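Take a look at the structure set out below.
The values are calculated or read from the model by the stated rules, or taken from the named source; none is laboratory data. From a predicted model like this one, the values you see are computed outputs, not experimental measurements. Cβ coordinates were reconstructed from backbone atoms using ideal geometry, including for glycine residues, and neighbour counts include every protein chain displayed.
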Amino acid sequence: MPAIPPTDIQEVFRHLPHRYPFVLVDAVEAGEAGEWVRAVKHVSINEPFFTSVGREKPAMPATLIVEALAQAGGILCFFSGLLKPHGGSTTYLAAIDRTRVEREAFAGETVVLDCRLKRALRGVIRIEGRATVGDALVVETQLTMVVRDTDGDHALADPRTIR
């Protein structure tokens, strides 16, 4: 299988329908189509989910880390040829199973998102995801995603047109 090249945020925008503040993948480090992908999320104190947090040491909610894993899984699906090109289809998160939260990810840390494709059959995709900070496990989960066709109105936007 071909390697997934390292990408920056502009390339991530080409493969995900999410935009600020909902895009939770900052870059793709590496991967192999049909097998795995490694992406990163740099947790910043400027994140919108920290605005109402009064804690001394703000932490990214575990539910958003699971969403970041799902977004990384969507990128893996694209590079694995499971989606139509040019926004003709997209992935939707259908189920979250066997999720284990081990620790929090704090502002200033980089969360590494590892997703492994376990099965893809008739538009239903199973992915195992692990989020880590350094050597410490943050979240581990199994995701079920479905691929659905999009019409022209919902196709992925060209990031150059986003203001």
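Residues of the range 119-142 that are within 17 Å of the chain's Cα centre (by Cα), closer than 16 Å to residue 38 by Cβ and not hydroxyl-bearing (Ser, Thr, Tyr): 127, 128, 129, 130, 131, 133, 137, 138, 139, 140. Among the residues of the range 16-60, those identified as modelled with pLDDT under 70 and under 13 Å from the mean Cα position of the chain (by Cα) are 16, 17, 18, 19. The number of residues in the range 103-133 being touching a residue at least 24 places away in the same chain (Cβ under 8 Å) and not in a strand (DSSP E or B) comes to 6. Look at (1) assigned to a helix (DSSP H, G or I); (2) touching a helix residue (DSSP H, G or I) at 6+ places or on another chain (Cβ under 8 Å); (3) modelled with pLDDT of 75 or more; (4) not polar (S, T, N, Q) and you find that residue 13 fails only one, number (3). Among the residues of the range 136-162, those that are exposed (fewer than 12 other Cβ atoms within 10 Å of the Cβ), modelled with pLDDT under 55, farther than 28 Å from residue 112 by Cα and not β-branched (Val, Ile, Thr) comprise 152, 153. Among the residues here, residue 76 does not qualify as over 19 Å from residue 43 (Cβ atoms), at pLDDT below 85 and either of a type in the set (A, V, I, L, M, F, W, C) or assigned to a strand (DSSP E or B) (or both).
Residue 57 falls short on exactly one of the conditions (1) among the basic types (Lys, Arg); (2) under 15 Å from residue 7 (Cβ atoms); (3) part of a loop (DSSP other than H, G, I, E, B), and that condition is (2).
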